[in-house]
Amino acid sequence: MPGVRTGEEARVLGRGTSARLLAVVMLAVCMVLVGPSAPNGGLFAGPRHAAAAGDVVSNRVMTWNICNPCEVSDVDRAADIAAYAPQVIGLQEACVRDVERIREYLENLHGLVYHVEYGSVLRKWGRCGGAPWSPGAFGQAILSAAPMTDPVNVEYPDGGSEDRGYMAVTTTVAGQPVRVFNTHLAQRRQEAVRADQTRVLAAEAARHERAILLGDFNAVPDAPELSPIWALATDADPQCRPSPTGTCLPTTDWQSKFDYVFLRGFAPLRHRVQPTPSSDHHLLHTDVDPT
């Protein structure tokens with residue numbers, strides 16, 4: 001009769017249902033045992049966000065000393081950057097190979113497409129690997145969602161205990177052309193060296209009506225060697241001033257402000273300092289408005 005199964009049909013149907021249930025259970029167990037297959041923690045390879053190149057924040061700029069040498073995954077570094085999707089990122093203590101991987105992960109895992117320029121001042125096997133006779137390049141890098149033109153890479157006449165320099169490019173932020181500088185000044189307890197370096201940097205930045213200076217300046221806001229920079233630009237943090245009355249958020253794990261976004265021809269809208277386990281320097285980014 002229609003709708004009535006024989007005993008044999010019921011047994012076959014039962015075995016089929018049990019087999020399908022067992023397959024589902026085994027698949028779930030395999031997922032737990034094997035773990036995620038994508039480096040970002042998803043079950044399948046693909047973007048961490050449904051982001052596209054246009055999803056960068058067009059008026060946001062970021063500076064970050066990514067820490068070197070440090071045992072940090074470039075996947076994690078890319079995820080830290082993608083969380084804020086800035087239009088421009090200035091990186092310090094950057095090996096070219098690391099930046100190449102970060103850029104690839106930003107595109108392949110997060111859908112964020114950046115151009116890149118390098119400001120390497122050292123070739124150092126101990127920091128960047130490679131062969132002793134062909135070590136990796138080390139210094140600064142700028143990633144920009146917009147194309148960059150007129151790149152320069154300048155080594156300071158005196159780098160101090162390690163060669164240091166600045167790089168500069170022309171690109172677009174908040175829909176406006178701007179000269180972006182990225183630097184890493186001499187290490188701590190080298191005040192006189194940093195003073196010479198800031199004079200070089202300030203003289204070049206002063207040539208531009210609209211400029212953004214990013215980097216690790218290795219000096220607190222009221223350090224005398226930063227005077228040439230303060231004379232031509234303002235900090236992205238409106239409360240941060242080169243005086244004891246300024247309230248500047250620390251940007252390092254040792255609770256000092258060494259990292260800056262200096263603005264010339266832009267007004268800050270909002271800024272954020274975000275600690276990260278990926279570096280001993282915090283992520284610092286700001287949204288800007290052309291003036």
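The values are calculated or read from the model by the stated rules, or taken from the named source; none is laboratory data. What you see is a predicted model, and the numbers here were worked out from it, not measured in a lab. As a convention, Cβ positions derive from the backbone with ideal geometry for all residues, glycine included, and neighbour counts pool all protein chains shown. Keep in mind that these areas ignore ligands, DNA and RNA; they rest on the heavy atoms of the full protein, side chains included. Shrake-Rupley method; radii C 1.70, N 1.55, O 1.52, S 1.80 Å.
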Here are some conditions: (1) closer than 24 Å to Ser73 by Cα; (2) not hydrophobic (A, V, I, L, M, F, W, C); (3) not in a loop (DSSP other than H, G, I, E, B). Arg270 meets all but one. Which one does it not meet?
(1)
Quick check on this structure: which one of Thr198, Thr251 is in contact with a strand residue (DSSP E or B) (Cβ under 6 Å, 6 or more places away or on another chain) and at pLDDT 95 or above?
Thr251
Wholly inside region 108-175, strands (runs of 3 or more DSSP E) that include 1 or more residues that are touching a Lys or Arg at 6+ places or on another chain (Cβ under 9 Å), closer than 28 Å to Glu191 by Cα and open to solvent by less than 30 Å² (accessible area, probe 1.4 Å) are 115-123, 137-144, 165-173
Considering only region 75-86, I want to know if a residue exists there that is under 24 Å from Pro151 (Cα atoms), at pLDDT 95 or above and touching a Ser or Thr at 6+ places or on another chain (Cβ under 8 Å).
no
Count of region 197-226 residues which are closer than 18 Å to Pro242 by Cα, charged (D, E, K, R) and in a helix (DSSP H, G or I)
2
